[in-house]
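Remarks on the structure that follows.
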Amino acid sequence: MNTGIMVDCQNHICNVVLNSPDKLNAMSRAMWRDLKAAFHIIQADSRIRCVLLRGAGAHFCAGGDIAEYPDFRFEETALRHFHEEEVWGALDAMLTCDVPIVAQIQGVCMGAGVEIASACDVRLASEDSKFGAPIARLGFPMAAREAALVSGAVGEMTARAMLLAAEIFPASHMAAQGFLTRVLAPDELEPACLSMALRIANLAPLAARLNKKTLRALKAGVALESPYDYANSAEHAEGIAAFIAKRKPNF
Amino acid sequence: MNTGIMVDCQNHICNVVLNSPDKLNAMSRAMWRDLKAAFHIIQADSRIRCVLLRGAGAHFCAGGDIAEYPDFRFEETALRHFHEEEVWGALDAMLTCDVPIVAQIQGVCMGAGVEIASACDVRLASEDSKFGAPIARLGFPMAAREAALVSGAVGEMTARAMLLAAEIFPASHMAAQGFLTRVLAPDELEPACLSMALRIANLAPLAARLNKKTLRALKAGVALESPYDYANSAEHAEGIAAFIAKRKPNF
Amino acid sequence: MNTGIMVDCQNHICNVVLNSPDKLNAMSRAMWRDLKAAFHIIQADSRIRCVLLRGAGAHFCAGGDIAEYPDFRFEETALRHFHEEEVWGALDAMLTCDVPIVAQIQGVCMGAGVEIASACDVRLASEDSKFGAPIARLGFPMAAREAALVSGAVGEMTARAMLLAAEIFPASHMAAQGFLTRVLAPDELEPACLSMALRIANLAPLAARLNKKTLRALKAGVALESPYDYANSAEHAEGIAAFIAKRKPNF
């Protein structure tokens with residue numbers, strides 16, 4: 001079986017699967033590079049309205065593929081390249097993707113898994129899923145941009161507990177901290193995620209892209225160039241006309 | 001019956017009511033302008049120590065008055081004027097008001113309702129209230145400053161779920177996310193809000209204004225000019241004297 | 001009995017005790033100065049891997065020692081010196097300490113207590129503990145840097161409710177808001193804190209220091225100078241070797 005990142009787009013929805021189930025979908029360097037490539041393709045395809053990202057099998061992602069670490073982590077230049085090009089390259093491709101990304105999380109979501117989930121827009125998780133970044137057991141800290149991403153998504157206290165105390169948190173904690181949008185029974189997770197992806201795909205696609213651009217610009221402290229040029233767009237007219245006519249909009 | 005913004009100030013407390021109950025208090029352009037005017041008056045009146053803001057009838061605010069939208073939203077200049085002058089004019093008047101603002105929320109609190117509530121300091125809500133900003137159904141995104149305000153108040157994940165997936169959240173979710181100060185049974189909401197307004201009105205009024213100025217300056221990344229010039233104020237002396245004498249302070 | 005700050009370091013763990021139990025450990029000016037000195041000593045001692053901070057007796061800290069306030073608070077220069085040198089001196093020494101700090105919180109945690117707890121990395125609390133900063137009853141606002149620290153740790157809504165409405169919150173609220181890492185039954189608090197301190201002391205100590213430096217640099221908007229120079233460190237090699245060999249690391 002091929003491992004790596006599986007991408008399958010149809011009917012406005014793109015399924016992205018972290019696929020290395022024998023290793024609980026631990027991210028190899030090749031998978032980070034493939035994840036970046038996948039999101040560059042998604043970003044370039046105007047038909048896609050929603051990404052649904054999950055792990056193959058019973059888990060989301062156990063972290064990095066530690067078997068590869070001795071080959072490159074002990075040399076400073078290679079280590080920097082790994083974090084700033086490979087890992088951040090993929091996470092940045094997700095963060096700059098204008099299409100809403102739904103994370104479907106079950107089983108373990110650790111280290112790289114938390115980072116990937118943090119780059120999604122909404123996160124649905126099974127009530128038995130578990131979250132952490134216990135890299136202090138592995139003797140290394142989290143890289144700065146990854147720490148900023150995770151700390152912003154899980155909250156600073158939870159980030160410090162994960163990094164400094166190797167704490168593992170249940171889904172209920174992550175929901176209370178604003179990381180998870182919804183927590184579901186294991187057999188309700190997949191239908192709930194599919195339902196959310198379909199709902200997003202039926203909403204105004206340009207508005208979604210503008211909302212993501214707006215929130216990204218706010219974080220960067222910059223202003224969008226023409227934030228109101230959607231005024232005369234077809235979907236703006238359709239949304240308001242449909243509401244006034246009390247019918248479903250057709251975007 | 002007149003619709004609009006009703007303002008009634010007495011005994012240090014100012015009641016502000018979003019009053020268009022036939023439309024679940026949806027905000028018309030005139031109401032946005034009146035809301036701005038109301039808060040400019042409040043800010044200028046040194047007797048006022050607390051604002052209590054609510055909707056008329058059984059709801060807080062259903063959003064904008066969509067019946068007006070075809071008249072101006074499809075032309076870029078008018079759309080910009082609406083968001084940056086009318087809507088933001090009112091929200092900015094609330095955000096720069098130095099008097100503590102308590103939001104009393106029941107029923108629907110959607111779109112403009114979430115924005116107005118986000119500009120309050122504390123928010124009490126009925127346990128059956130509902131929150132969202134499903135404007136993706138209307139085919140348009142949230143304007144940047146409004147998105148920054150809402151995202152800061154409801155948390156980024158909840159903001160993304162509201163904007164990208166048109167999610168509606170119950171009061172319990174909004175409390176866990178730090179948006180609601182307290183959630184109450186429907187018949188306990190009004191007395192709890194009145195009790196909180198009275199409590200605030202009995203606390204040191206200049207300290208409250210300084211606290212609001214401080215928190216606003218922190219967000220803007222600026223420093224207050226004379227942060228310690230309250231040192232020899234009468235209320236500072238009274239507060240500490242009363243504590244040491246084990247009596248209630250009289251501010 | 002001496003009151004003040006008690007410090008006792010052994011086996012990589014440093015116990016810091018706010019010790020003025022007759023006043024529920026209210027912070028005197030001398031205690032603020034001693035707290036600063038304690039953290040400067042801790043920061044300089046490379047053997048220390050975890051700080052466990054608690055109050056003597058049944059409470060964490062009731063706030064400032066108000067009996068001292070009439071002596072200095074009513075003169076602007078002295079007031080500024082108190083907040084910016086004495087109080088912030090101690091809090092800044094905690095915030096710039098590279099060793100993980102665990103707060104063990106029971107009973108009241110008010111005002112100065114919330115500020116001190118906010119400068120810790122993880123916070124465990126007894127389920128009957130109470131949190132607030134009701135200084136509006138004392139007629140004065142929170143100083144700017146203290147307000148920034150507290151608001152960042154408890155969340156902005158909770159900070160506003162504490163400062164503007166003198167609200168007191170139970171541990172359950174503070175956990176939901178991301179302030180408390182865990183809430184425990186009263187008799188489980190001390191063993192849980194000791195267990196967490198021991199766990200932290202067994203994790204990679206340089207990784208912990210780098211993680212704290214990284215999170216601090218992110219807040220300050222600066223970059224660490226050589227973030228990857230840990231590549232060839234002994235603890236990095238040991239952590240990964242131990243994981244691959246499926247044995248416990250020995251840091």
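The values are calculated or read from the model by the stated rules, or taken from the named source; none is laboratory data. Computed from a prediction, not measured in an experiment: that's the story for all the values here. Reconstructed Cβ throughout: ideal geometry from the backbone, glycine too, with neighbour counts over all protein chains shown.
For the reader, a short list of remarks on this structure follows.
- Among (1) within 12 Å of chain C (Cβ to nearest Cβ); (2) within 26 Å of B:I135 (Cβ to Cβ); (3) modelled with pLDDT of 95 or more - the single one B:K219 does not satisfy: (3)
- Sole residue being out of contact with any Ser or Thr (no Cβ under 8 Å at 6 or more places or on another chain) and aromatic (F, W, Y), chosen from C:F179, C:F243: C:F243
Results for (1) farther than 21 Å from A:I116 by Cβ; (2) within 10 Å of chain B (Cβ to nearest Cβ); (3) outside any loop (DSSP other than H, G, I, E, B), shown as yes or no for each residue.
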position	(1), (2), (3)
A:H173	no, no, yes
A:G178	no, yes, no
A:E188	yes, no, yes
A:C193	no, no, yes
A:K212	no, yes, yes
A:E225	yes, no, no
A:Y228	yes, yes, no
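- Residue in segment B:30-43 that is out of contact with any Gly (no Cβ under 6 Å at 6 or more places or on another chain) and in a strand (DSSP E or B) present: no
- Of residues in segment B:127-157 being surrounded by fewer than 23 Cβ atoms within 10 Å (Cβ to Cβ), outside any helix (DSSP H, G or I) and out of contact with any Phe, Trp or Tyr (no Cβ under 9 Å at 6 or more places or on another chain), the one farthest from the other protein chains (Cβ to nearest Cβ): B:D128
- B:D34 being touching a strand residue (DSSP E or B) at 6+ places or on another chain (Cβ under 9 Å), acidic (D, E) and farther than 20 Å from B:E115 by Cα: no
- Scope segment B:54-80; condition farther than 14 Å from B:M110 by Cα, part of a helix (DSSP H, G or I) and of a type outside the set (S, T, N, Q); matching residues: B:A67, B:E68, B:Y69, B:P70, B:D71, B:E76, B:A78, B:L79, B:R80
- Qualifying residue in segment A:10-29 (condition: in contact with a helix residue (DSSP H, G or I) (Cβ under 7 Å, 6 or more places away or on another chain), among the β-branched types (V, I, T) and either without any contact (Cβ under 8 Å) to a residue 60 or more places away in the chain or over 26 Å from A:A185 (Cβ atoms) (or both)): yes
- Which numbered condition C:H83 fails, given (1) free of Cβ contacts under 8 Å to residues at least 60 places away in the same chain; (2) touching a Lys or Arg at 6+ places or on another chain (Cβ under 9 Å); (3) in a helix (DSSP H, G or I): (1)
- Filter pass, A:I168 being more than 17 Å from the chain's Cα centre (by Cα), more than 10 Å from every other protein chain (Cβ to nearest Cβ) and either buried (at least 24 other Cβ atoms within 10 Å of the Cβ) or among the β-branched types (V, I, T) (or both): yes
- Subset tally (residues that are in contact with a strand residue (DSSP E or B) (Cβ under 9 Å, 6 or more places away or on another chain) and either small (G, A, S) or in a helix (DSSP H, G or I) (or both)) for segment C:92-114: 7
- With respect to the conditions (1) part of a helix (DSSP H, G or I); (2) at pLDDT 95 or above; (3) closer than 25 Å to C:V114 by Cβ; (4) more than 8 Å from every other protein chain (Cβ to nearest Cβ), C:L198 falls short on a single one, namely (3).
- Residue check: B:H59 meets all listed conditions (1) within 18 Å of B:L124 (Cα to Cα); (2) within 14 Å of chain A (Cβ to nearest Cβ) but one, namely (2).
- Test set (1) more than 19 Å from the chain's Cα centre (by Cα); (2) within 19 Å of B:I101 (Cα to Cα); (3) at the interface with chain A (Cβ under 10 Å from one of its Cβ atoms) - C:A161 fails condition number: (3)
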